[in-house]
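The structure appears below as structure tokens.
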Amino acid sequence: MKDRTNQRGQVLVYFGIFGLVFFSLAAVAVDVGRHVFVGREVQAAADATALVGATTLARGWTAGDAITKATTFGSENTVDGHPAATGEVQVGNWDGSTFTLGGSPLNAVSTAPSVTVNNIFGLWTQTSTIQRKAVAAFQGAPQLPLVLCDNTASGGWVAGITLRLSDSGVNTAAWAVFDPQVTTFPGMSVVKSTLPIGCDAGQGWVPPPQTVGASIVLGNGQMPQSLCGNLQPPCSITGQTYIFPVVDIPCCDPNNQPCPLNNQHKIIGFVTAMIDGVHCDSADPLARSIVGHVVSDCATTHSATLCPSAALVR
Amino acid sequence: MRNRRNGKGQAFVELGIIVAVLITITIGAIEFGYTFLALHMTTQATAAGARAASVLGANYRNACGGFVYTTPNHIDAITKLVTSQVGTVATVTNVTVQQCDVSCAPVSGTLPCSVPDMPKVRVTVVGTIPRVVGLFGSSPRAFSRTETFRDESR
């Protein structure tokens, strides 16, 4: 009769089971670790491609150009030793939190390249497809604490259109504070400190580049005589060209005063304009005001200095 | 006569074999993990370096947007950024920065521009990743990372 109390070989069974589990986990760990590493490479390729697309748009080329150039650029970066599949390059609108394909205005590019890797152990599947996404949108580094209203209803801020910040009358610009921590307008003293050196209390402080979708606080129509005087020479803003953010509040009807260019608003784009003059004479028909005109037509110049640039937003 | 069926010490020998195998596997896992971590960080640092090079300001460039080798030196700036991001995880031995399509000299590198109207900048980082334990006298692993971005300041 067989001895049923014989326990020989029992440890071998345990060892077999635990060994299988242990080596399986080790194999999964190696493959997952490699996925994470390859994913980082795909992300870098996605970022570079999205930035190419958004920069192309920002420089005034068409959405079609942005897609063509981004797609061509996709093979510049290799992943796992091979070019990643660029995937579909999409052009759309970024509002600060969401990318909308084909939305208006076109200010962002989304990419989702992928790569198929042969797993080292491949316990569950021989190959895996690793995909990463990136969204890049317009950004600009405004050197004056001024923003413009949304002029889309009147055809947009095309070259030659005048802008005006005034304490009365037609007003298409407003003072702004480029600080995401600030949610209510803190007063003109903060704005004055961010003017260029030589202009009122200006410290020459240049705010960090502002991205489409960022919220900023506006203070409209404040142009005291003292500030107006301090914007004259040696303050040298007249004749200078600056990038101005455009915010999501429509330019108001001059017959419907006051123009509500106040409170917190989102940046929807950028415009490059030249300051033509600062008027301080109360008898002046322009009242106390800063007047300028849009110079940049990125569609023809494609200039690095006059057009907005791009930044990764996701 | 010695009893050859005496099992004393057998478990001890088995334990020794198992422990040796487990330690080898564990060290292998640590080495693998560390190498992936270091490669991950160097890839990240190279991408950050290439991005920084693409937006380097006018004081690093000539009138055509080409990098200049005077002070402040763009390669010093990029190398500093890359090595600070890599930290002590790996040893960076060389950082090269290449541009394409710069019409006035000096040009750093001879990178071809594959797409018209789209200047690009490429950063290559080479170095070695040390072994944590160095089982069987294995030497540090050499790595080379390359990232290409659009040269956005041009």
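Antiparallel beta bridges, as assigned by DSSP with both residues in the stretch A:146-312, represent about 95 percent of the total such bridges. Converting phi to 3J(HN,Hα) with the Karplus coefficients 6.51, -1.76 and 1.60 and the offset θ = phi - 60°, the stretch B:44-56 yields 4, 5, 5, 4, 5, x, 5, 5, 4, 4, 5, 10, 4 Hz in sequence order, with x at every glycine or proline.
Taking the charge dipole of the protein assembly as shown about its Cα centre, with +1 at Lys and Arg Cβ atoms and -1 at Asp and Glu Cβ atoms, the residue from A:Ala174, A:Gln210, B:Ser138 reaching farthest to the positive side is B:Ser138. Dipole magnitude for the protein assembly as shown: about 2760 debye, using +1 per Lys or Arg Cβ and -1 per Asp or Glu Cβ, origin at the Cα centre. Relative intensity of the stretch A:146-312 on a log10 scale, I(q)/I(0) at q = 0.15 Å⁻¹, equals -0.82, per a Debye sum over C-alpha point scatterers of equal strength in the absence of solvent. Amide H to amide H distances under 5 Å link A:Gly103 with A:Asn93, where only residues 5 or more positions off or on other chains count and H is placed in the peptide plane. Three semi-axes describe the equivalent ellipsoid of the stretch A:10-137; taken as square roots of 5 times the Cα gyration tensor eigenvalues and ordered largest first, they are 42, 14, 9 Å. May I ask you to derive the FRET efficiency for A:Asp248 and A:Val36 from their Cβ-Cβ distance with R0 = 30 Å, giving the value to the nearest 0.05? For R0 = 30 Å, the calculated efficiency reads 0.20.
Positive end of the dipole of chain B (Cβ unit charges, origin at the Cα centre): among B:Leu37, B:Leu22, B:Ala58, the Cα lying farthest that way belongs to B:Leu22. Relative to the compact-globule estimate of 2.2 N^0.38 Å, the Cα radius of gyration of the stretch A:51-105 comes out at 1.23. In chain A, the calculated helix contribution to ellipticity at 222 nm averages -8000 deg cm²/dmol per residue, counting -39,500 (n - 2.57) for every DSSP H run with n ≥ 4. Here each label is just a point 7 Å from Cα along the line to Cβ, and for B:Thr26 and A:Ala27 those points are 2.3 nm apart.
Couplings for the stretch A:78-92, taken from phi via the Karplus curve 6.51 cos²θ - 1.76 cosθ + 1.60 with θ = phi - 60°, read 9, 10, 6, x, 10, x, 6, 5, 4, x, 7, 8, 10, 10, x Hz in order; Gly and Pro are left as x. The modelled label-to-label distance between B:Asp117 and B:Cys64, using points 7 Å beyond Cα along the C-beta direction, is 2.1 nm.
For a straight C-alpha distance cut-off of 13 angstrom, the aspartates and glutamates reachable from A:Lys192 (same-chain residues fewer than eight places away being disregarded) are A:Asp200. Here the extension length gained between A:Leu20 and A:Trp124 equals 36.0 nm, from 0.36 nm per residue of separation less the Cα-Cα distance. Debye-formula intensities of the protein assembly as shown, expressed as log10 I(q)/I(0) at q = 0.05, 0.11 Å⁻¹, are -0.29, -0.95 (one equal scatterer per alpha-carbon, no solvent). Note on A:Lys69: lysines with a C-alpha under 18 Å away, same-chain residues under 8 apart excluded, are A:Lys133, B:Lys120. Each peptide among B:128-137, B:144-153, A:145-154, A:196-205 gets the average number of other Cβ atoms lying within 10 Å of its residues, and from highest to lowest they stand as B:144-153, A:145-154, A:196-205, B:128-137. Across chain B, Cα-Cα pairs farther apart than 21 Å form 57% of the total.
Read-outs throughout are calculated quantities, based only on the coordinates presented, and are distinct from any laboratory measurement. A quick note: this is a predicted structure, and the numbers were derived from the prediction, not measured. Backbone-built Cβ (ideal geometry, glycine too); neighbour counts: all protein chains shown.
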